[in-house]
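What follows is calculated from the coordinates using simple rules that are stated; it is not laboratory data. All figures in this text were calculated on a predicted structure; none of them were measured in a lab. Cβ atoms come from the backbone with ideal geometry, glycine included; neighbour counts cover every protein chain shown.
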Ligand code: C5P
């Protein structure tokens, strides 16, 4: 009988002469990168009651008393598939965040999340974290937005399994609205084409990759000066197929102030 152990290992348990024995089988490790070095300009642009007070970026804004980033981090810290977590932060936020974790969330701090310096763009933040990871080619690297605290254990597990199997996998949700390709104009935009809805999914995170697949994609993007808005776009252009598994409309990316109200609602009704 195989028994899954925390941290991605598996034990083969067997009975011999009325005694149980086990053999530990090393399995792929799962590394998680959480890019959290964004400035959250779409949030900061909203008028505040006290404009002189520094505006908390969306990953540090509290959701029912706990910063969004901590809620997201907790989901991975408590997940038995996960071996190690890397968080990319702005340099000035690394030590304050470490102190906050140590003081207020000791159970998460005890998992030793690695705090690394983020970059100018999301892709650079992920690249900095990836550079710190010593993984085997078959290990899995998950990337998850700091501002998606409603990710579930089931989603994490499904992406890990699919990434191990196919080399690259993302969570996505079907488009319910009709999707238009547009051209931006001074007044707004005009429609140039309608993209059949069946051919579209909206990409969420977590996105998971075999380490060798992701490393190759990042190296090629860096050599070509390509910048994408998610990790899958780098892997696609590197020629590797990316599988899609079911996400959830609840797995929202907190972007605008109204998203906080929705996230609070989902938290209360989860
Ligand atoms: O700004 P955007 O919605 O693309 O942010 C997605 C995620 O990427 C957020 O968790 C944000 O903190 C992170 N990010 C980052 N470094 C940047 C910009 C965004 O880690 N330079």
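Some points to look at:
- Nitroxide proxy distance, nm - points 7 Å out along Cα→Cβ at residue 154 and residue 268: 2.3 nm
- Applying 0.36 nm per residue to the separation of residue 179 and residue 121 and subtracting their alpha-carbon distance, the gain on full extension is 18.2 nm.
- Projected onto planes of every orientation and averaged, the convex hull of the alpha-carbon atoms in the range 2-268 covers 18.5 nm².
- FRET efficiency for the residue 243 to residue 99 pair, using the beta carbon distance and R₀ = 45 Å, is estimated at 0.70.
- Per-bin percent of Cα-Cα distances, the range 106-264 [10 Å]: 10, 31, 38, 17, 3, 0
- Gain on full extension, evaluated as 0.36 nm per residue between residue 74 and residue 212 minus their Cα-Cα distance, stands at 47.0 nm.
- Inter-centroid distance (Cα atoms) of the range 159-192 relative to the range 215-235, Å: 17 Å
- Helix 68-77 axis, angle to the chain major axis (alpha carbon atoms, nearest 10°): 20 degrees
- Extension gain, residue 236 to residue 220: 0.36 nm times the residue separation minus the Cα-Cα distance gives 4.6 nm.
- Once the Cα atoms are used to define both axes, helix 211-224 deviates from the longest principal axis of the chain by about 30 degrees.
- FRET efficiency for residue 132 and residue 23, using Cβ-Cβ distance with R0 set to 41 Å, rounded to 0.05: 0.80
- For the options 97, 209, 218, a Gaussian network treatment of the chain with springs between C-alpha atoms closer than 10 Å singles out 97 as fluctuating the most.
- Spin-label model, residue 258/residue 114: points 7 Å from Cα along the beta carbon direction are separated by 4.0 nm.
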